[in-house]
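Peer 1: Mind having a look at this structure? Questions to follow.
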Amino acid sequence: MPKATPNFLVIGAARSGTTLLHEMLLEHPRVFLPKNKQPEPHFFLKSKEFEKGTEYYLKNTFSEVLPNHLAVGEISTSYLFGVEVPRRIWEFNPEMKLICILRNPTDRAFSNYWHSRKNGFEELSFKEALIESESRTKLLRQELQEIAPFAYLGRSQYAEQLQRYLNYFPSNQILVLIFEEFILEPKKGLKEIFSFLGVDEEYEVSVSGKNINASRPINESIDPELRIELNTSFESTIKKVEDFIGRPLKVWRK
């Protein structure tokens, strides 16, 4: 069994800048992530993967860790969404540091939908897809049900998701960044992450050439009435995130 074990995880959210984050974290000499973001390990989410055991996970994900790597981790954006994931992570390492980037929940849901449509996995309109989400998920095989590819709104329910983690981990082990702020000032967000991970926070990472806007649907928009409806439904989720980070999220309330 390799000696290296992860001490941090980026748990989500999907469609919230984690590809940019992966590219930037890879540049720090003290931080280890698997070089290829895809496919994400999803070890703590997928039951079939989890049943293969810790040794399998460490060997397949962290075999290239070097002695100079102080912060060792991986990115699996469905960890935030998975119901069993917080307990599984806690049982593996109760001192695990957890990082998540959260996006306006309505925008995240629409970006998730648009990504699926662009890749040929979605044929319904956004509104139809929201209505049919639960019934479509039930028709999937178990492994895909765990990933829940059609849970566009479910994956944006940050209040429930954060609470599941807070049931196992103290708040000082969970770092929440805001996507809309991160893409405007990525170096500022990265400095906060480096400090959280205990590595040199002054290390200069290049932003030039990175695809900062990759998560934004092009020439697509949500029906204004549907946006208002969704924003209203996400009010409690937004308030929970505001309570967690200790400040109002004006960028989500525009």
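Peer 1: Could you give me D for region 56-186, from Stokes-Einstein at 20 °C and 1.002 mPa s, where the hydrodynamic radius is the Kirkwood radius over C-alpha pairs? Units µm² s⁻¹, please. Kindly include the intermediate steps, with their values, before the conclusion.
Peer 2: Details: Rh = 16.7 Å.
My calculation gives 128 µm²/s for D.
Peer 1: Let me ask something else about it. Please report the antiparallel percentage of DSSP beta bridges with both residues in region 8-252, rounded to the nearest 5. Before the final figure, lay out the partial values.
Peer 2: Working: 0 of 14 bridges.
Percent antiparallel among DSSP bridges in region 8-252 is about 0.
Peer 1: I've got another one for you. Given the options ILE99, ILE228, ILE89, state which has the largest fluctuation in a GNM of the chain using a 10 Å cut-off (strictly under) for Cα springs.
Peer 2: ILE228
Peer 1: Mind checking which of LEU80, LEU197, LEU226 has the largest fluctuation in a GNM of the chain, springs on alpha carbons under 10 Å?
Peer 2: Looking only at LEU80, LEU197, LEU226, the largest GNM fluctuation is found for LEU226.
Peer 1: Now for a different question. What is the sum of charges around GLU74, taking Lys and Arg as +1, Asp and Glu as -1, for the other residues whose C-beta is under 15 Å from the C-beta of GLU74?
Peer 2: Details: positive: LYS35, LYS37, LYS46, LYS59, ARG88, LYS97; negative: GLU23, GLU40, GLU49, GLU64.
That sum, taken over residues with Cβ under 15 Å, equals +2.
Peer 1: Would you mind counting up the charge near PRO224? Only other residues with Cβ under 15 Å from its Cβ, with Lys and Arg at +1 and Asp and Glu at -1. Write down the numbers at each step before the final one.
Peer 2: Numbers: positive: LYS127, ARG227, LYS254; negative: ASP107, GLU220, ASP223, GLU225, GLU229.
Every neighbour counted, the sum reads -2.
Peer 1: Still on this structure, I have one more. Given all pairs of different Cα atoms, what value in angstroms does the Kirkwood hydrodynamic radius of the chain take? Let's see the in-between values first.
Peer 2: Details: mean 1/r = 0.0530 Å⁻¹.
With all distinct Cα pairs of the chain included, I get 18.9 Å.
Peer 1: Moving on. With a cut-off of at most 15 other beta carbons within 10 Å, and DSSP calling the residue loop, which GluC sites (Glu not before Pro) in region 74-125 qualify? Please list them.
Peer 2: Values: sites: GLU74, GLU84, GLU91, GLU95, GLU122, GLU123; in loops: GLU84, GLU95, GLU122, GLU123.
Filter output for region 74-125: GLU84, GLU95, GLU123.
Laboratory data are not the source of any read-out in this text; all were calculated from the coordinates shown. Note that the structure is a prediction, hence the values are computed from the model and not measured. Cβ coordinates were reconstructed from backbone atoms using ideal geometry, including for glycine residues, and neighbour counts include every protein chain displayed.
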